[in-house]
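Worksheet for the structure shown next.
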């Protein structure tokens, strides 16, 4: 009999994100970024983490500012709207974190190699770039068939992937749609997966559309009900990007003192995603909610 994997965010992060582990987070690029899970990591004061992702928007910057991070494997870190991530910049300049530079494609291929169980994948994409200067996971190899030069991209196998989805059942079978980025690669390559979901639904609803299932349920370690769990990033079908938060964060993270004040207000004084939503208020959240629905065409799985 299948056992429910539903648990509280605090318990999920406490159990699966441990000091010194590697965490793939924000794999959807600019949508569905699991901010609620990231803030719980900060509340629990996890340390010496390796953060893995393509474009994490301001979440990486926040987790770095909280002192949780030792290493970053990413294509870009900052604030998508304003550019610079001040905590990230300070940490690099002061030698507090190690950065392994990737392109969006090399981080994707590294996770794909991990998902396939191979030690590397070959590519031409990084040839001629300076990524080799900071990334020990890139090597030059010669193709045994053509003798052409390739870049070998070493596999990345995260200890845990944290992804936010539209809906999941109790057992980790989840539907996700919109820009998936490299979410599937992150899930399949990771040793454990934490799903945070806008809605918890029946298994029957999930199995009625099997092609939309993100990753096999048996790969999932924990399911967390987290409505508004991606705010301030957008969640396709649920809410839009909260541009004001990203603009305000530029000022609120400009100095360590300002960031400490921001963290006290939005992380330390908030105990759960439900309190977070209550703090924002229904009127505020309603302005971000989807008002024009654009449904996909139905499909026929008949036989």
Item to check | Output for the range 157-172, where each listed residue is part of a loop (DSSP other than H, G, I, E, B) and in contact with a strand residue (DSSP E or B) (Cβ under 6 Å, 6 or more places away or on another chain) | outcome: 158, 159, 170, 172
Item to check | Any hit, the range 70-79, residues being touching a residue at least 40 places away in the same chain (Cβ under 8 Å) and assigned to a helix (DSSP H, G or I) | outcome: no
Next on the checklist: Restricting to the range 88-104, count the residues that are in contact with a strand residue (DSSP E or B) (Cβ under 9 Å, 6 or more places away or on another chain) and either under 14 Å from residue 135 (Cα atoms) or buried (at least 16 other Cβ atoms within 10 Å of the Cβ) (or both).
Outcome noted: 11
Next on the checklist: Quick check on this structure: which one of 197, 186, 152, 230 is closer than 30 Å to residue 249 by Cα, part of a strand (DSSP E or B) and either in contact with a strand residue (DSSP E or B) (Cβ under 9 Å, 6 or more places away or on another chain) or without any contact (Cβ under 8 Å) to a residue 24 or more places away in the chain (or both)?
Outcome noted: 197
Checklist entry - What residue, of 179, 192, is more than 23 Å from residue 8 (Cα to Cα), touching a residue at least 24 places away in the same chain (Cβ under 8 Å) and surrounded by fewer than 22 Cβ atoms within 10 Å (Cβ to Cβ)? => result 179
Checklist entry - So which of 249, 238 ends up being touching a residue at least 12 places away in the same chain (Cβ under 8 Å) and farther than 20 Å from residue 28 by Cα? => result 249
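Listed here are the residues, each with its yes/no results for (1) in contact (Cβ under 8 Å) with a residue 24 or more places away in the chain; (2) closer than 30 Å to residue 235 by Cα; (3) touching a helix residue (DSSP H, G or I) at 6+ places or on another chain (Cβ under 7 Å).
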site	(1), (2), (3)
132	no, no, no
158	yes, yes, yes
164	yes, yes, no
170	yes, yes, no
205	yes, yes, no
Next on the checklist: So the check is Cβ under 6 Å with 6+ separation or different chains; which pairs have a first residue in the range 253-264 that's within 14 Å of residue 39 (Cα to Cα) and a second one that's modelled with pLDDT of 95 or more?
Outcome noted: 259/65; 259/253; 262/252
Next on the checklist: If I ask for residues that are loosely packed, with under 14 Cβ neighbours inside 10 Å, part of a loop (DSSP other than H, G, I, E, B) and in contact (Cβ under 8 Å) with a residue 12 or more places away in the chain, which ones from the range 272-303 would you list?
Outcome noted: 290, 293, 296, 299, 301
Checklist entry - Can you tell which of 38, 83, 53 is within 9 Å of the chain's Cα centre (by Cα) and over 22 Å from residue 273 (Cα atoms)? => result 53
Item to check | Filter pass, residue 33 being touching a helix residue (DSSP H, G or I) at 6+ places or on another chain (Cβ under 9 Å) and either more than 26 Å from residue 199 (Cα to Cα) or assigned to a loop (DSSP other than H, G, I, E, B) (or both) | outcome: yes
Checklist entry - List, please: which pairs have Cβ atoms under 7 Å, are six or more places apart or on different chains, and start with a residue in the range 30-48 that is under 12 Å from residue 59 (Cβ atoms) and end with one that is part of a helix (DSSP H, G or I) and modelled with pLDDT under 95? => result 36/273
Next on the checklist: For the condition surrounded by 12 or more Cβ atoms within 10 Å (Cβ to Cβ), under 21 Å from the mean Cα position of the chain (by Cα) and over 16 Å from residue 182 (Cα atoms), what is the one hit in 161, 113, 154, 126?
Outcome noted: 154
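The values are calculated or read from the model by the stated rules, or taken from the named source; none is laboratory data. Here the structure is a predicted model, which means the values were calculated and not measured. Cβ coordinates were reconstructed from backbone atoms using ideal geometry, including for glycine residues, and neighbour counts include every protein chain displayed.
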